[in-house]
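One structure below.
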Amino acid sequence: MVEERPSGELPLPGRSDPGILGMDPQEMRRLGYKVVDLLVERWRSLPDAPAFRSAVRSDTESLLREPAPEEGQSPDAVIERAVEDVLQLAGRIDHPRFVAFIPSSPTWPGVLADFLVAGYNPFQGTWLESAGPSQVELVVIEWFCQWIGLPEGSGGVFTSGGSAANLGALVAARERAGHPADAVIYVSDQGHSSMERAARIAGIRPAGIEKIPVDEDFRMDVEELARRLELNRAAGRAALLVCANAGATNTGVVDTLAPIAELARRYHAWYHVDAAYGGFASLVPEGLAELKGIEQADSVTLDPHKWLFQPYEAGCLLVRDPTSLEDAFAVTPEYLQDTELGMEQINFANRSLQLSRSFKALKVWMSIQTLGLGRFREAIQAALDQAKRAHGYVSLSSVLEPLAPASLGVVCFRYVGKVSSWDPKALEGINVAIQASLIKDGFAMMSSTRLHGVYSLRICAMNHRTTWEDIEAILQRVEEAGNELCAAP
Ligand SMILES: *Cc1c(COP(=O)(O)O)cnc(C)c1O
């Protein structure tokens, strides 16, 4: 047993020097406070800093490429260099005007939790080594299941992110189906690329992926899904998994989940819902209504590092039947025989790829314990409202037009100016130039996509720091940049 010692003393009795790789406790404190001060100052000044920063490889090479030093250096100098030369040369994904891709803007309790976890370094693979942390992982997963309406007895596992969760779902589905030789998975053509990668890892060839087209609102065409399921059944090809989107990355669209669930059931396919970012909309009534049908899923992917405001990495796979995960992933070699403590004591290593695992649930738990779920609901509702308001602004603008309905915080639109008939290439050119000019001056970071082949600007308002004033200012910049480009000879 390690005895508890008063703070400031070293943990092992009779040991006065900190060891080969240790540090003096006073120095540890001083450096820790220095890092806290740096982070708090960064967060305070973030809105005044550019929304985006990057560098080309030749510059980063000359700054950083060097042999590993044989002798240590001043820790202050190393921290300062890590900030100046490394961390600052990155997208400011938590900046209030970073509305590109899917932003991630962590809470402070979430950041502190990751620091605590790194310092305690629990081994979150087995109950034997990690009882308290495993219980918290169970608790947080149960919260998630309740939020989206999965029944009592559902469960899951924290993962590195949505990609790992999607892969886990696919492997669980394949194992449950008995690994059929000629199996097909069904995804919408708006599905996230990680499902395609998961298929490749799981040994499903491109011919085994049916990409179902979408309707004009970017929802999976359910009749086409039914037609292909039937065609493949007639050809003797098993339906392994049907994946619906609940918050597609391009447009935020939610597929018509309940009819897809019904089809999946009819064809004995595993029903997976990729709700990586969108699933947390379930915390507000309006979002829960949009997600209707998600509660029928066999599995759901969630990414707390997106719309639950946690630092990377935090993904999660929820399953209706946790034994399906253990049937797919559990392997107990002789050297882990001590870790089998009975069914009640969950070994999370048996639910995914990872044996050594970090304790990712703590950041969610500490954030919610500290701030309260009510404030998360408010932040999610604010993002929904801002996107709808942005869609309204775009619809009323004399020079912008929406390209998709606002959905789960995402707005897709483009500049069209006052010209009534555009050459499509020229119009695309103007929008590409608008996007480039916004990134260049650092005011905001937006991204672009293609919808039914049309170049689209895209705003994803999913940051608790972002205000309507930020979004409005971005839209005004887009209008101005477009007008200037059109006026130019
Ligand atoms: C982000 C995202 C993923 C991938 O998740 P990672 O955490 O980046 O691995 C998958 N699906 C959807 C819908 C996403 O938004």
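The values are calculated or read from the model by the stated rules, or taken from the named source; none is laboratory data. Since the model is a prediction, treat every value here as computed from it, not as a measurement. Cβ: placed from backbone, ideal geometry, glycine included. Neighbour counts: every protein chain shown. Protein only, heavy atoms only, side chains kept; ligands, DNA and RNA dropped before computing areas. Shrake-Rupley method; radii C 1.70, N 1.55, O 1.52, S 1.80 Å.
Of all residues in the range 120-137, which are under 18 Å from Gln310 (Cα atoms) and either within 20 Å of the chain's Cα centre (by Cα) or surrounded by fewer than 17 Cβ atoms within 10 Å (Cβ to Cβ) (or both)?
Matches in the range 120-137: Glu137 only.
Does Ile185 satisfy being more than 23 Å from the chain's Cα centre (by Cα) and open to solvent by less than 50 Å² (accessible area, probe 1.4 Å)?
Answer is no for this residue.
Could you please give the count of residues in the range 460-489 that are open to solvent by less than 10 Å² (accessible area, probe 1.4 Å) and in contact with a helix residue (DSSP H, G or I) (Cβ under 6 Å, 6 or more places away or on another chain)?
Summing the residues that are open to solvent by less than 10 Å² (accessible area, probe 1.4 Å) and in contact with a helix residue (DSSP H, G or I) (Cβ under 6 Å, 6 or more places away or on another chain) in the range 460-489 gives 6.
Go through (1) open to solvent by 40 Å² or more (accessible area, probe 1.4 Å); (2) under 18 Å from Val139 (Cα atoms); (3) assigned to a loop (DSSP other than H, G, I, E, B); (4) away from the ligand (no atom under 16 Å from the Cβ) one by one and return the number of the condition Ser358 breaks.
(4)
Residues of the range 397-415 being more than 32 Å from the chain's Cα centre (by Cα) and not small (Gly, Ala, Ser), which ones?
Val399
What is the number of the single condition among (1) under 17 Å from Ala269 (Cα atoms); (2) away from the ligand (no atom under 13 Å from the Cβ); (3) touching a residue at least 40 places away in the same chain (Cβ under 8 Å); (4) touching a strand residue (DSSP E or B) at 6+ places or on another chain (Cβ under 8 Å) that Gln296 does not meet?
Tallying (1) under 17 Å from Ala269 (Cα atoms); (2) away from the ligand (no atom under 13 Å from the Cβ); (3) touching a residue at least 40 places away in the same chain (Cβ under 8 Å); (4) touching a strand residue (DSSP E or B) at 6+ places or on another chain (Cβ under 8 Å), Gln296 fails exactly one: (3).
Considering each residue of the range 400-433, count those that are part of a loop (DSSP other than H, G, I, E, B) and open to solvent by 50 Å² or more (accessible area, probe 1.4 Å), and give that number.
Counting residues in the range 400-433 that are part of a loop (DSSP other than H, G, I, E, B) and open to solvent by 50 Å² or more (accessible area, probe 1.4 Å) gives 7.
Can we say Ile141 is under 18 Å from Ser299 (Cα atoms), away from the ligand (no atom under 16 Å from the Cβ) and crowded, with 20+ Cβ neighbours inside 10 Å?
yes
Scan Ala183, Ala177 and give me the residue that is at pLDDT below 95 and of a type in the set (A, V, I, L, M, F, W, C).
Ala183
Between Phe98, Phe115, which is among the aromatic types (Phe, Trp, Tyr) and free of Cβ contacts under 8 Å to residues at least 60 places away in the same chain?
After ruling out the rest, the residue left standing is Phe115.
Taking the range 270-290 as the search range and keeping residues that are crowded, with 24+ Cβ neighbours inside 10 Å and among the aliphatic types (A, V, I, L, M), which one is nearest to the ligand (Cβ to nearest atom)?
Looking at residues that are crowded, with 24+ Cβ neighbours inside 10 Å and among the aliphatic types (A, V, I, L, M), I get Ala276.
Before we move on, is Ile209 more than 13 Å from the ligand (Cβ to nearest atom), modelled with pLDDT of 95 or more and in contact with a Gly (Cβ under 9 Å, 6 or more places away or on another chain)?
It is false that Ile209 is more than 13 Å from the ligand (Cβ to nearest atom), modelled with pLDDT of 95 or more and in contact with a Gly (Cβ under 9 Å, 6 or more places away or on another chain).
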